[in-house]
Ligand code: OAD
């Protein structure tokens, strides 16, 4: 059975945040050049903002979706995909990211708790659909044909993240929890380390700097995800 930090590990949960995609060129939210340093999330990431100014929301998410075509997965995404494929145990990957870089790196399973940029959600019929195309208030829902009801399938502030039951169950039954490139400021994800520790898991943080919840982790791997994750994965697979 694989060992890490002097203990057997069988079930891993890995949580990723914007920092894992930063070195691919996808901006984070709260770093100095981050999205929420330039824009107010209350104008761009709430259901109220969508009702108030849908055209602005469509432009913002269409532009972020279009920019995904110009970025590539980095060594951190690739290392996690390798871990999922080669680890002699179970690896559950949950991401707060709405990009598709884990999938493009070859991750066999990705739980997108904050939704996906490359999907639309119809407010009229609830249909979710993959799309890499821009859409707006004039676009018709491919399922029910209603117009003006499509929105990006991303979770906004004030909404409940996806797959919480499955995530909580995985956290309650893991023996290693790894958080990568997340500031620890947005709940419920920021609370995952507590749940994992309550179930006896070892907790490791990979980040350029201490997150808001850094003191809850047993171990810190400080530095760029593209350096720290391949090293950590090699250790876990050795
Ligand atoms: P943040 O922008 O809040 O935090 C990014 C974290 O990544 C910071 O702790 C950085 O220190 C770290 N970081 C940056 N570059 C890194 C690198 N190359 N290697 C390692 N770490 C690096 O992003 P999140 O924590 O993901 O939600 O934000 C959480 C949620 O807040 C997002 O999912 C989004 C946002 O509002 C919604 O939109 C619902």
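General observations
- Residue 138/residue 166 FRET efficiency (R0 22 Å; Cβ-Cβ; nearest 0.05): 0.05
- Kirkwood Rh, angstrom, the stretch 55-111 [1 / mean 1/r, Cα pairs]: 12.6
- In the chain, the DSSP-assigned H stretches of four residues or longer account for a calculated mean residue ellipticity at 222 nm of -8500 deg cm²/dmol, using -39500 (n - 2.57) per stretch and the full residue count as denominator.
- Rounded if a/c under 1.5, otherwise prolate or oblate - the stretch 32-131, Cα gyration tensor axes: prolate
- Ordering 165, 53 by the number of other Cβ atoms within 10 Å of each residue's own Cβ, fewest first, gives 165, 53.
- Taking 0.36 nm per residue of sequence separation and removing the Cα-Cα distance, the residue 214/residue 104 pair yields an extension gain of 36.7 nm.
- A Förster radius of 45 Å combined with the Cβ-Cβ distance from residue 129 to residue 235 puts the calculated FRET efficiency at roughly 0.65.
- Counting other Cβ atoms within 10 Å as a rough exposure proxy, the listed residues 193, 26, 71 run 71, 26, 193 from fewest neighbours to most.
- Label-point separation in nm, residue 72 to residue 157, each point 7 Å along Cα→Cβ: 3.6
- Residue order, fewest to most beta carbons within 10 Å, for 136, 40, 99: 40, 136, 99
- Cα gyration tensor shape of the chain, rounded if a/c is under 1.5, else prolate or oblate by comparing a/b with b/c: prolate
- Gyration tensor verdict on the stretch 129-238 (Cα atoms; rounded if a/c is under 1.5, prolate if a/b is larger than b/c, oblate otherwise): prolate
We did not get these values from a lab; they are worked out from the coordinates using the rules stated. What you see is a predicted model; the values in this text were computed from it and never measured. Virtual Cβ from ideal backbone geometry, glycine too; neighbours counted across all protein chains shown.
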